[in-house]
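Inspection log for the structure reproduced underneath, given as structure tokens.
The values are calculated or read from the model by the stated rules, or taken from the named source; none is laboratory data. Predicted model only: the values in this text are computed from it and were never measured. Here the Cβ is made from the backbone with ideal geometry for all residues, glycine too, and neighbour counts use every protein chain on show. Surface areas here come from the heavy atoms of the whole protein model, side chains and all, with no ligands, DNA or RNA. Shrake-Rupley method; radii C 1.70, N 1.55, O 1.52, S 1.80 Å.
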Amino acid sequence: SVISNTQSVQFLAQKLDAQVISIEHISAGAATLSFEAFSNSGNYNGSRLKDAVFVSAVHGFSAYFDIVGEHGAPASEISVHSELVVQMQPTSPFSFAVFYFRPDILVDQDTYVTIKSSNISNVFPLTDRVVFRKNQVSLQKVVIQHGGISGNAYIFFNVTSGLNYAGIESGRIRVLAMPGFVFSSTRIDVQRTGFASFLISLDTAPTGDTTIFMISSDSSVATVNSSISLNQSNLPIAVTVMHHEVGTVAISFFASGANYDGVSWTNGVVAACRPGFILIPSSIAIPYDGVANFTLQPDTEPSADTIITIISSQPTKATAIESTITIKGGDLSSVIVTAISRCSQSPGNCARAGATAFSVKAQSNGGNYDGVESVNFVVASVLSPLLHLSGTTANIQLSDGFASLIVTPTLVPNVDTTLKIVVHDPQVCIVNSSVVLNAGTTSPKTVTFYFVGVGETSASLLVQGPESSMYADIDPLTVILRSLASFQLSSQNVTVQPDSTVSLELSPSVEIAADVIVSLSMTAPDIAVIKPLTFVLSPPRTIVGLDILPSIGMEVVRSEKFQVWPRLGVGRIIRILNDNMNIVTVNWTMSTGLQENYAGYRGEYMLALNSRPFQIISITYQQSGIAELSISSKSTDLNYHGVEFNSAVHISSPPRFIAEPKEMILQYGETKPCVISPGSQLTEEIGLIISEQNIMLNETQINSSLVTLTQYQLSFSRVISDSNS
């Protein structure tokens, strides 16, 4: 009747592990604990320890969930296993809990008791102190409230005065502070025939899947999702409220599952279903210091005259020319709203492309639109003045030495404006440092980039000043620049004689990292035949370590997969580093220091046997004239993609002479004439020297002195006639 305790414990053989004995208070008084051991064959069988522990159960307090009857009799006693629950919602009565308590015996002096919480962040007592009068039996009411953070706490009592209760600290009432919800908004406006959304998440990470059920206080006015599920990621989820008719509803939330089981939040979000506005279009673009229009129309007939205020989220960018509009009661017609950019008044706010949002707010004395704010809005993009660039990329050909772009202001500059050009890698190209956009004109300016070395970089074109310029602080323009490689030719000036063919050799100027497709074109294709017009240059593909074993002194290049920039050039193997012959040291011609390269190590083949890719081009005479041969290429090797080598070869084809007959057979001692004439109209007098060569006798070349030319100096004069013979 005083205490209850653990009835038995077990000790295992050969073990000295301690066992815990629990003692629970029943009523005030004193008791002792005695022990007796039972073991079939153990050394402790029959051992007794009588009155081993003396227990003093002091008097304390009894607590009750409720009181009943006219005189407030206690009901439903709170035990150590009971639990009170408080909800998180601060505006709900469920965030409070009430209980009653009294001393177990009459106090022999007025006794003051302080109510305390083990963790006021979870639960704190609103009733912090009560008094029990001497020799009187009474129940005291205690109110506790959610502390704002979910968790468990205990309420206990501390006696600060009295005689028979002096110094007693008693009680252990368990209180569960439930977790709660987080709403992106607790009030939303839902306009006619539309919907609105808010986000809901859990303020405490759920320990498992949690379902939240939602109920609208009046489904004829607005409805809401019936339920949503959240998992342990606890990402916010959108809840949609659908408008049905004008009115106001409250949405309540009830949770199920994991640590949220039993959590409730009544009337957590209020949705006002109001008439609204139709704004068309939803976005507009306003030029620098320009205007743009949108229309506004009430979606419900106003019941009274309504004053509508047009609100700009950033009035320094743009505002409505007329900030207020009056709509008559019963008028459903649309109104045109003109928005104007204020950039000239505040250029610092409009220099960068940006946006403002136009919304509307209504005021009507007693009308259905009184206090209505539009939930939709018009996004107005205020356009900064732009600079137009003729291209965002430029290829700088080695043959030309430069590439140019044109920059043009789209609006007339208000002052002379300096545009600074910065190349980020001057090892690739350089540029004239700045250009000036002249005030009062939109005349274009040329920006020229000059070839320095093969590679890729970018350039920024940014307004340097002055601050008073309408173009100040606009976003920089960016240009991607590629200085391309070119081709080497055995000759860049070729003369093709009649009835002859001249050959050229073409090769890449730097090592290639992929197939290069080369195309040839000629300005006067009738004067000669070019073969081939299209061909492919391939990088060396005899792989060291795969197709051929490495050896000391072998000339190599990087295989196409492992080419780097800048190119390393041709290398020579000077050392083989392991028995497998798959790691070698290479001395490169265009790189300082020695480098280790893999020739099959870990499946990587970094080297190829050096062989220079080239192509022989034949040029065959067709007719007299002058032409320019140009070269272009395409490749996945960016150094050769887009190469335009214009006028790479100058081709000259002189006019031919016509001999009649072209062949003759001379008998011994015989003389025959051969008539020679120019093949085209002469422009001036010319002289010829005729000589014999390649005289054949029985298919054997013999001494030319066996044939005598009787006239070997000829002269042709320019004549104005059809015959030049």
Any idea what Rg and Dmax come out to for region 108-175 if you just take the C-alpha atoms, in Å?
12.9, 40
Within region 499-538, which residues have the backbone N less than 16 Å from the label spot 7 Å out from Leu398 along Cα→beta-carbon, could you tell me?
505-514, 516-519, 537-538
On full extension of the chain, what length is gained from Leu126 through Ile676, given 0.36 nm per residue of separation minus the C-alpha to C-alpha distance?
185.0 nm
Phi to ³J(HN,Hα) by Karplus 6.51 cos²θ - 1.76 cosθ + 1.60 over region 66-77, Hz, x for Gly, Pro:
7, 10, 9, x, 5, 9, x, 6, x, 9, 6, 5
So, taking all protein chains as they sit and a 1.4 Å probe, how much accessible area belongs to Val436, in Å² rounded to tens?
60
Note: the chain, point scatterers on Cα, Debye, no solvent; log10 I/I(0) at q = 0.06, 0.10, 0.11 Å⁻¹ equals -0.83, -1.13, -1.21
Amide H proximity to Ser62 below 5 Å, modelled H, separation 5+ or other chain, gives Arg102, Asp104
Sort Leu546, Leu461, Leu176 by heavy-atom solvent-accessible area, probe 1.4 angstrom, most to least.
Leu546, Leu176, Leu461
Which residues in region 395-423 have a backbone N closer than 13 Å to a point placed 7 Å from the Cα of Ser460 along the Cα-to-Cβ line?
420-423
I need the shape label for region 526-643. Rule: rounded when a/c is under 1.5, else prolate if a/b > b/c, else oblate, with a, b, c from the alpha carbon gyration tensor.
prolate
Pairs of Cα atoms farther than 18 Å apart, region 355-497, %:
67
Which of rounded, prolate or oblate describes region 174-215 when judged by the alpha-carbon gyration tensor and an a/c cut-off of 1.5?
prolate
Computed lengthening from Asn438 to Val375, 0.36 nm per intervening residue step minus Cα-Cα distance
18.1 nm
For region 278-437, report the convex hull volume of the alpha-carbon atoms normalised per residue, in Å³, without decimals.
133
How big is D for region 28-97, in µm² s⁻¹ as a whole number, if Stokes-Einstein is applied with the Kirkwood radius of its Cα pairs at 25 °C and 0.890 mPa s?
142
Of Thr111, Thr316, Thr392, which has the most accessible area with a 1.4 Å probe, and how do the rest follow in descending order?
Thr392, Thr316, Thr111
Can you give me the solvent accessible area of Arg133 with a 1.4 Å probe, rounded to the nearest 10 Å²?
100
Using packing as a proxy for protection, rank 359-368, 439-448, 142-151 so that the peptide with the highest average count of other Cβ atoms within 10 Å comes first.
142-151, 359-368, 439-448
Considering all alpha-carbon pairs of region 188-263, what whole percent are spaced by more than 22 angstrom?
28
For region 127-257, what D do you get in µm² per second when you plug the Kirkwood radius from alpha-carbon pairs into Stokes-Einstein at 10 °C and 1.306 mPa s?
85
Kindly report, to the nearest 10 Å², the accessible surface of Ile430 as traced by a 1.4 Å probe over protein heavy atoms only.
80
Between region 440-460 and region 582-641, the Cα center-to-center distance that results, in Å
30
Cα-Cα pairs in region 497-553 separated by more than 15 Å, as a whole percent of all pairs, come to 67
Hey, could you get me the Stokes-Einstein D for region 26-172, Kirkwood radius over alpha-carbon pairs, 20 °C and 1.002 mPa s, rounded to whole µm² s⁻¹?
121
Quick calc: nm separation of the 7 Å Cα→Cβ label points for Ile21 and Gln497 -> 13.0
For region 595-670, Rg(Cα) over 2.2 N^0.38 Å is 2.23
Taking chymotrypsin sites (Phe, Trp or Tyr not before Pro) that fall in a DSSP loop and have at most 12 other Cβ atoms within 10 Å as cut points, what is the longest piece of the chain between them?
45-667
Residue by residue through region 103-119, what is 3J(HN,Hα) from phi via Karplus (6.51 cos²θ - 1.76 cosθ + 1.60, θ = phi - 60°)? Round to whole Hz and write x for glycine and proline.
x, 5, 10, 5, 7, 8, 7, 3, 10, 9, 10, 9, 8, 10, 10, 5, 7
Of all accessible heavy-atom area on region 217-273, the percent that carbon and sulfur account for (1.4 Å):
50
Whole angstrom only: what separates the Cα centroid of region 174-206 from the Cα centroid of region 364-429?
42
Förster radius 45 Å - calculated FRET efficiency between Asn646 and Ile689, Cβ distance, rounded to 0.05
0.75
Residue by residue through region 153-159, what is 3J(HN,Hα) from phi via Karplus (6.51 cos²θ - 1.76 cosθ + 1.60, θ = phi - 60°)? Round to whole Hz and write x for glycine and proline.
9, 10, 9, 9, 10, 10, 8
Answer check: region 625-668, Cα atoms, Kirkwood Rh, Rg/Rh ratio of 1.48
